[in-house]
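A short reminder: the numbers here are calculations on the coordinates, not readings from a lab. Treat the numbers as computed from the prediction; the structure is a model and nothing was measured. Note: ideal-geometry Cβ built from the backbone for every residue, glycine included; neighbour counts use all protein chains shown.
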Amino acid sequence: MGFPIHPSEIGTSSRMGKNASSFAVDNRLNLPALREKKGISLRQIADNTKISMRFLQAIEAGDFKQLPGGIYNTSYIRQYAREIGFEEARLLDYYRSRTSSNS
């Protein structure tokens, strides 16, 4: 499962580099592929951030119901984004749009 992106955003992030479009499929962004391309494992992120593997997997899957809730969610999402060099604001916007429709 990936995160929706606007077609005009494909390849525009300097953090994502020239190959950003290779991670976009049907206007979705594949976070695990981006992370793996950078040679970063979920275990490394878990060790660096002290976030459990279960929560990191939920973030990558967009399964935010599995996160503990409240401020922990935004903190975990920010930390994950930083670890893989992804734009925090973009991932948080997706999280908010996904969770506000579930209210």
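Under a crude label model (7 Å from the Cα following the beta-carbon direction), how far is residue 61 from residue 36 in nanometres?
1.6 nm
According to a simple spin-label model (label point 7 Å from Cα along Cα-to-Cβ), what is the distance in nm between residue 47 and residue 93?
Placing both labels 7 Å along Cα→Cβ, they lie 3.4 nm apart.
Fewest Cβ neighbours within 10 Å first, please rank 99, 49 accordingly.
99, 49
Using θ = phi - 60° and the Karplus relation 6.51 cos²θ - 1.76 cosθ + 1.60, list the HN-Hα couplings for the stretch 57-73 in order, rounded to whole Hz, with x at every Gly or Pro.
Result, ordered by residue: 5, 5, 4, 5, 7, x, 9, 5, 5, 7, 6, x, x, x, 5, 4, 4 Hz.
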